[in-house]
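Enquirer: Sharing a structure, written as structure tokens. Questions coming.
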Amino acid sequence: MHLVRSIFYFILSHDVAEVAGATSFSFGEREEERYVMLFKKEYAPTDEELNGYRRGETWDPEEAKELAKQRADEAEETRLEEERREPVVVAPTTDYMDKYKKIVGDESAVEGARNLTPNKQFGFVPSENKKDKRSVEETMDQIRAKKKQKAAESEVEAAAANTSTSDS
């Protein structure tokens, strides 16, 4: 019966706190040591404060400020040490070309780089036909001109068809 009463007590205290606009936290491990703390929503505890209460410690805000300052100082010191430390330069132990000289050879890569000419023919089409030396604007102008010419030709054909049907 005592267990049921304590459970109701904690549930009731959390519900009352919620209705009153406060936050509530339960701390302690065993039934005898369990207690509920109420905080105003404006003054909600920090995570460090809650962790301290969960560990069973008393919370001192001044001590917490000092501890936070020490942590910030330590973090700043480690950051400064990282900046002072010289960067480690990693140099490969072997050269790529030396390592694969048996496969690649000494001069084949250099000669291959010098002879970068395209094939004379791609399939049945000569490579000269594949090179378009016009600019984008010139190409677009030619496409527009072809469209206008086709439109004009279709109008002439339509007009000729109308005159031939009207003559008959």
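The values are calculated or read from the model by the stated rules, or taken from the named source; none is laboratory data. No experiment lies behind these values; they were computed from the predicted model shown. Glycine also receives a Cβ, built like all others from the backbone with ideal geometry; neighbour counts cover every protein chain displayed.
So that you can scan it fast, the table gives a plain yes or no per residue for (1) modelled with pLDDT of 80 or more; (2) exposed (fewer than 12 other Cβ atoms within 10 Å of the Cβ); (3) in a strand (DSSP E or B); (4) of a type outside the set (D, E, K, R):
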| position | (1), (2), (3), (4) |
| --- | --- |
| Ser6 | no, no, no, yes |
| Tyr9 | no, no, no, yes |
| Leu12 | no, yes, no, yes |
| Val16 | no, no, no, yes |
| Glu42 | yes, yes, no, no |
| Trp59 | no, no, no, yes |
| Lys69 | yes, yes, no, no |
| Pro92 | no, yes, no, yes |
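Enquirer: Any idea which of (1) surrounded by 10 or more Cβ atoms within 10 Å (Cβ to Cβ); (2) of a type in the set (D, E, K, R); (3) modelled with pLDDT of 90 or more is the one Lys101 doesn't satisfy?
Expert: Failing condition for Lys101: (3).
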